[in-house]
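*Asks:* Have a look at the structure that comes next, please.
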Amino acid sequence: MIGLLIVGIILLFGVVVVQIGRVTDLTAKIRGEEAVSRSITNSQAKWLMVFCVAFLVYCVASAIYYKNSMLGYGPHEAASAHGGDIDSLFNTTLFFTGIVFVLTHVALFWFTYKYRRVEGRVGIFFSHDNKLELVWTIVPALVMVFLVTNGLVVWNEVMPDVDPNAEVLEFEATGYQFAWDIRYPGPDGKLGTKNFRLINLANNPLGQDWSDPKNIDDFHPTEIYLPVNQKVRVRITAKDVLHNFYLPHFRLKMDAIPGLPTYFVFTPTKTTEEYREELSKYPEWQVPADPENPNGPQKWELFDYELACAELCGKGHYSMKRIVKIVSQEEYDEWFNSQTGYYIQNIRNTNDDPFKAQLLPYEVEARSQELLSEVEAALIEDDPSTISINLKNVFFNIGSAELKDDSKYELDNVAKIMSEYNDIAIEISGHTDNTGNANSNIVLSGERATAVTQYLTEKGITSERLKAVGHGQTIPADTNDTVEGRQNNRRIEMKIISQNL
Ligand SMILES: [Cu+2]
């Protein structure tokens, strides 16, 4: 129906044009061609002047009307340290190009009016004018030199990379069709190495080399958190086609190129909360975020900085959005500490783990804390000797009392705790599962317990504070019917047998 109406309107418009043409022809015949042509020229020249004024007024009015929606104006002042420089660069350019824009338009339309066809007036012809040539070459050249110099100064301030040894928070953004993979370096502060040949969509989207210890704590968060006023270096890269890492509120925009990391260093200066505060002062943000729910949160309350892709990289391009949160250092630390490494979550102890049978430093550290709190918990009991503490990761070669190398971590922790609490004595007990001869199990478990106390003596704990016993299979901790149960039964335990030595 609407289509039919449109066709009808177009047809009618065509008829009107043809009719006007006919009427003009007829009047021209009646009044003479010359007179008609003169009157048309005059009215066209006047209407063009009217159009010029209306157009310029419209340009200025729309700029003023939409001012608060533009980056750099109203609530949208830059949220980064360098952003103000870029904004003032834009303003300077806008000032000069604005003057030229107005002048050329006024001249264009004024000339069509002033030099409209007038009976008997002839144009002046001249082939060359040195003065004119000089003016329109030198003036734009001077303005260009000023703009380019200004631009170079800002470029040099905004673009330099950081000193390789500088304390800077670095994270990595990898664009792909159609999302960003974000990677943070974890507590070691260093991003692990990558190799594109290792990329595997199932459990290694970035191709991290798991044999590099720097990769162990790297984590892949869903949101980008950054502490306010902290210098940040983003390593920007891509996996498939060109993307563009764009943080409009921070005036940061950098191409993401497959195979060639680019960098951008910036310092966020406004927290998300502060930016929201700023927005809340403007009426256009004081409206319900969801028009269907007038009592719900207002638009400014739900504002978030965002990362977008500013390259038309494919049909899902619009979905390359990530929330960016700028928070205080305390909030950042809390968030940072709640993250778990990608390796720890997805790779540890799988077949892709090159450290499968080994203990890793973070595990040793975590176990050290755990053991200390188990000992402290036992010490506040009325009778600590009722509490058996299972010593984890104490391993022996099969059928022998020879300690394996990995056992030293746990035993060193025991030695450390005993030096700290230098008034306690402990009993080390050995236990086995029910395979083999019961008596020889008692002997073996006793020898293993002794091997442990011997190791502790070597670490400087006096033998009076240590007692070794072997219980063999007599005190099982689990069932002996499953492999796992038997494994739990083969163990070394520790008990605090006296305090205040
Ligand atoms: Cu993209």
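The values are calculated or read from the model by the stated rules, or taken from the named source; none is laboratory data. Keep in mind that what you see is a predicted model, and the values were worked out from it rather than measured. Cβ coordinates were reconstructed from backbone atoms using ideal geometry, including for glycine residues, and neighbour counts include every protein chain displayed.
*Asks:* Would you mind stating whether Gly430 is in a strand (DSSP E or B) and either out of contact with any Gly (no Cβ under 9 Å at 6 or more places or on another chain) or in contact (Cβ under 8 Å) with a residue 12 or more places away in the chain (or both)?
*Replies:* Against the criterion (in a strand (DSSP E or B) and either out of contact with any Gly (no Cβ under 9 Å at 6 or more places or on another chain) or in contact (Cβ under 8 Å) with a residue 12 or more places away in the chain (or both)), Gly430 qualifies.
*Asks:* Okay, moving on. Would you mind finding the one in Phe178, Phe196 that is outside the structural domain of Gly98 (by TED's automatic domain parsing), touching a Gly at 6+ places or on another chain (Cβ under 8 Å) and within 26 Å of Thr350 (Cβ to Cβ)?
*Replies:* When all the criteria are applied, what remains is Phe196.
*Asks:* Could I ask something else about it? Closer than 23 Å to Asn489 by Cβ and assigned to a loop (DSSP other than H, G, I, E, B) - does that describe any residue in the stretch 368-385?
*Replies:* No, that holds for no residue.
*Asks:* In this structure, does Asp163 turn out to be outside the structural domain of Phe336 (by TED's automatic domain parsing), more than 16 Å from the ligand (Cβ to nearest atom) and surrounded by fewer than 18 Cβ atoms within 10 Å (Cβ to Cβ)?
*Replies:* It is true that Asp163 is outside the structural domain of Phe336 (by TED's automatic domain parsing), more than 16 Å from the ligand (Cβ to nearest atom) and surrounded by fewer than 18 Cβ atoms within 10 Å (Cβ to Cβ).
*Asks:* Out of (1) at pLDDT below 85; (2) under 27 Å from Glu365 (Cβ atoms), the odd one out for Val452 is which?
*Replies:* For Val452, the failing item is (1).
*Asks:* Could you count how many residues in the stretch 248-259 are within 16 Å of the ligand (Cβ to nearest atom) and either of a type in the set (A, V, I, L, M, F, W, C) or at pLDDT 95 or above (or both)?
*Replies:* 4
*Asks:* Filter the stretch 290-333 for residues that are aromatic (Phe, Trp, Tyr) and surrounded by 15 or more Cβ atoms within 10 Å (Cβ to Cβ); which is nearest to the chain's Cα centre (by Cα)?
*Replies:* Tyr305
*Asks:* Just to verify a result, which residue in the stretch 459-477, among those that are assigned to a loop (DSSP other than H, G, I, E, B) and among the polar types (S, T, N, Q), is farthest from Gly436 (Cα to Cα)?
*Replies:* Of the stretch 459-477, the ones assigned to a loop (DSSP other than H, G, I, E, B) are 459-462, 473-477.
Okay, now just the ones that are also among the polar types (S, T, N, Q), so 462, 473-474.
On the way: Thr462: 34, Gln473: 10, Thr474: 13 Å.
Selected residue: Thr462.
*Asks:* State whether one or more residues within the stretch 254-275 are surrounded by 15 or more Cβ atoms within 10 Å (Cβ to Cβ), over 19 Å from the mean Cα position of the chain (by Cα) and part of a loop (DSSP other than H, G, I, E, B).
*Replies:* Among the residues of the stretch 254-275, not one is surrounded by 15 or more Cβ atoms within 10 Å (Cβ to Cβ), over 19 Å from the mean Cα position of the chain (by Cα) and part of a loop (DSSP other than H, G, I, E, B), which makes the answer no.
*Asks:* Tell me yes or no: at least one residue of the stretch 182-199 is within 21 Å of Leu252 (Cβ to Cβ) and within 16 Å of the ligand (Cβ to nearest atom).
*Replies:* Among the residues of the stretch 182-199, at least one is within 21 Å of Leu252 (Cβ to Cβ) and within 16 Å of the ligand (Cβ to nearest atom), which makes the answer yes.
*Asks:* Tell me which residues, restricted to the stretch 300-330, are more than 16 Å from the ligand (Cβ to nearest atom) and either aromatic (Phe, Trp, Tyr) or without any contact (Cβ under 8 Å) to a residue 40 or more places away in the chain (or both).
*Replies:* Here is the first cut: in the stretch 300-330, the residues more than 16 Å from the ligand (Cβ to nearest atom) are 300-305, 323-330.
Hits for the stretch 300-330 are Trp300, Glu301, Leu302, Phe303, Asp304, Tyr305, Glu330.
*Asks:* Could you go through the stretch 345-360 and let me know if any residue there is of a type in the set (Val, Ile, Thr), away from the ligand (no atom under 16 Å from the Cβ) and under 22 Å from Tyr409 (Cα atoms).
*Replies:* no
*Asks:* Can I ask one more? Would you point out the residue of the stretch 59-74, among those that are assigned to a helix (DSSP H, G or I) and closer than 22 Å to Leu252 by Cβ, that is nearest to the chain's Cα centre (by Cα)?
*Replies:* Within the stretch 59-74, the match that is nearest to the chain's Cα centre (by Cα) is Ser69.
*Asks:* Restricted to the stretch 218-247, and to residues that are within 16 Å of the ligand (Cβ to nearest atom) and not aliphatic (A, V, I, L, M), which residue is surrounded by the fewest Cβ atoms within 10 Å (Cβ to Cβ)?
*Replies:* If we take residues in the stretch 218-247 being within 16 Å of the ligand (Cβ to nearest atom) and not aliphatic (A, V, I, L, M), then Asp240 is surrounded by the fewest Cβ atoms within 10 Å (Cβ to Cβ).
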